[in-house]
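Asks: The structure's right below; bear with me while I get my questions together.
The values are calculated or read from the model by the stated rules, or taken from the named source; none is laboratory data. What you see is a predicted model, and the numbers here were worked out from it, not measured in a lab. Counting neighbours? That spans all protein chains shown, and the Cβs are built from the backbone with ideal geometry, glycine included. Calculation scope for accessible area: heavy atoms of the full protein, side chains included, ligands and nucleic acids excluded. Shrake-Rupley method; radii C 1.70, N 1.55, O 1.52, S 1.80 Å.
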Amino acid sequence: MQVRVLNHIAVTVSNTQRSLDFYVGMLGLEQVEQHQLPMSSIDAVFGLTRASGTSTRLQVPGQPAILIDLMELSGAEEGTSVQPLGSIGSTHMAFTVDNLDEVVTELKAKGVSFISDPVTFHLTEGSVTVVFMRDPDGNYVELEEVHA
């Protein structure tokens with residue numbers, strides 16, 4: 001077997017509209033689809049009992065090949081929270097921006113808090129400056145600026 005293509009990334013959220021306010025309203029992603037997830041299908045595929053919900057599909061503008069699904073499930077049991085960043089089981093998604101300092105300043109003005117100030121990593125060729133924040137449900141989101 002060989003994987004052919006990355007289709008989407010799914011993030012479980014507690015409130016779709018609040019997450020849309022963050023991902024679309026603050027980060028500038030585009031909503032491209034929304035559909036209901038019927039109980040029988042969700043229970044079967046996720047191994048849950050009496051769960052249903054909504055999947056809202058987002059994309060980075062001009063990047064239709066990689067999709068991000070915001071999944072709000074009702075009736076699912078509450079589980080543990082997001083793992084601490086850097087621990088086994090923690091995950092994050094990263095978005096590249098053109099001017100990280102400007103973006104951080106803009107998001108801070110909108111009430112977003114960051115885990116740290118931006119940090120630069122020197123790579124074999126060039127460098128990258130990164131910073132992490134959390135979405136409204138505590139999921140980690142990385143912003144990065146790539147330097148040649």
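Asks: Is there a residue in the range 24-38 that is under 30 Å from residue 99 (Cβ atoms), within 19 Å of the chain's Cα centre (by Cα), without any contact (Cβ under 8 Å) to a residue 24 or more places away in the chain and open to solvent by 80 Å² or more (accessible area, probe 1.4 Å)?
Replies: no
Asks: When you go through 124, 120, 129, 105 one by one, which is the residue that is modelled with pLDDT of 95 or more, open to solvent by 80 Å² or more (accessible area, probe 1.4 Å) and more than 20 Å from residue 59 (Cβ to Cβ)?
Replies: So the residue among 124, 120, 129, 105 that is modelled with pLDDT of 95 or more, open to solvent by 80 Å² or more (accessible area, probe 1.4 Å) and more than 20 Å from residue 59 (Cβ to Cβ) is 105.
Asks: Identify, from the list 94, 51, the residue that is of a type outside the set (S, T, N, Q) and free of Cβ contacts under 8 Å to residues at least 40 places away in the same chain.
Replies: 51
Asks: Looking at (1) within 15 Å of the chain's Cα centre (by Cα); (2) surrounded by 13 or more Cβ atoms within 10 Å (Cβ to Cβ), which is the only condition residue 9 fails?
Replies: Exception for residue 9: condition (2).
Asks: Limited to the range 42-81, what total is found for residues that are open to solvent by less than 30 Å² (accessible area, probe 1.4 Å) and at pLDDT below 85?
Replies: 2
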